[in-house]
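The values are calculated or read from the model by the stated rules, or taken from the named source; none is laboratory data. Remember, it's a predicted structure, so these values are computed and weren't measured experimentally. Because the Cβ atoms are built from the backbone with ideal geometry, glycine has one as well, and the counts that use them run over all protein chains shown.
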Amino acid sequence: MFAPAERREALFALYAFNYEVARVRETVSEPVLGQIRLQWWRESIAAAFEGGPVRRHVVVEPLAAAIRAHDLTRAHFDRLIDAREDDLGEAPLASLAALENYAEGTSARLVYLALESLGVRDATAEEAAFHIGIAYALAGRLRAMPYQPRVSCAPAPAEIAAAASRHLGLARARRSAVPRSALPALLPAIIVERSLVRLKRAGYDPFDPAVTAPDAMQSWRLAIASLSNRY
């Protein structure tokens, strides 16, 4: 909602697509069914890029319109869907490097596409998006642990939080060079910061209720950041 009005429909479609593929594992009873569902999305994305008719679907149709209107990059969609196949496995990610690679493939690619939907094609903004995407995914992984035991991984919560904080710092180090038009795509950094503050106060225990409680001030934090031109 902090994006220009004429760009919002594309962002709504993009985030709806991400929601659909992110929840595949939770909506199927067997991994093979999840693979079939992800393949359905691959085919839908391919049709959108090939310029022909697309499936009649509440998300596919507006997403195809956004892809065509804003010349979105197909490689980002392909990488995102491929990375989501990791959700179908039962084994936890074995290292911090593996977790960061997964975060780049899922969350960072989404931020790249959000930038493109805003009309931003800027190398510095993309560098910030890379780090914010990873930081957001790492913080989200920690928030999800109490609800989804299968998202646990080998690194300790404190190690994951430290990595998220490092990526957040690297993104913010580029803030002065990032164009103002990129800001709506980069605001998840504000959510990451708050999540890490809560986690630190809880002694890096992701199961502490204070970590998972809704942030009643989140909308205000985002609004202030937007008005202040910061992320």
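Which one is surrounded by the most Cβ atoms within 10 Å (Cβ to Cβ), of the residues in the range 5-33 that are at pLDDT below 95 and either not assigned by TED's automatic domain parsing to the domain that holds A69 or not aliphatic (A, V, I, L, M) (or both)?
Selected residue: R25.
Which condition number does R68 fail, the rest of (1) under 18 Å from the mean Cα position of the chain (by Cα); (2) within 30 Å of P4 (Cβ to Cβ); (3) assigned to a helix (DSSP H, G or I) being met?
Only one criterion in (1) under 18 Å from the mean Cα position of the chain (by Cα); (2) within 30 Å of P4 (Cβ to Cβ); (3) assigned to a helix (DSSP H, G or I) is unmet by R68, namely (1).
Every residue in the range 181-206 that is of a type in the set (D, E) and closer than 30 Å to G119 by Cβ, please.
Pass one, the range 181-206, residues of a type in the set (D, E): 193, 205.
Once the filter is applied, which keeps residues that are of a type in the set (D, E) and closer than 30 Å to G119 by Cβ, the range 181-206 yields only E193.
Only one of (1) at pLDDT 95 or above; (2) out of contact with any Asp or Glu (no Cβ under 6 Å at 6 or more places or on another chain); (3) over 18 Å from Q39 (Cα atoms) is not met by L72, so which one is it?
(2)
May I ask you to list the residues in the range 162-189 that are in contact (Cβ under 8 Å) with a residue 24 or more places away in the chain and in a loop (DSSP other than H, G, I, E, B)?
Correct list: R174, V178, P179, L187.
Just give me the residues in the range 195-215 being in a helix (DSSP H, G or I), modelled with pLDDT of 95 or more and surrounded by 13 or more Cβ atoms within 10 Å (Cβ to Cβ), in sequence order. Give the steps one after another, and end with the answer.
Just the residues of the range 195-215 that are in a helix (DSSP H, G or I), to begin with: 195-201, 209-212.
Next cut, modelled with pLDDT of 95 or more only: 195-201.
S195, L196, R198, L199, K200 - these are the residues of the range 195-215 that are in a helix (DSSP H, G or I), modelled with pLDDT of 95 or more and surrounded by 13 or more Cβ atoms within 10 Å (Cβ to Cβ).
Is there any pair linking a residue in the range 102-122 that is over 30 Å from P92 (Cβ atoms) and assigned by TED's automatic domain parsing to the domain that holds A135 to one that is assigned to a helix (DSSP H, G or I) and of a type in the set (D, E), with Cβ under 7 Å and at least six apart or on different chains, and which?
L115/E126
Restricting to the range 34-45, give me the number of residues that are charged (D, E, K, R) and buried (at least 17 other Cβ atoms within 10 Å of the Cβ). Can you show your working first?
Initially, the range 34-45 is screened for residues charged (D, E, K, R), giving 37, 42-43.
Of the ones still in play, those that are also buried (at least 17 other Cβ atoms within 10 Å of the Cβ) are 37.
Residues that pass the stated criteria total 1.
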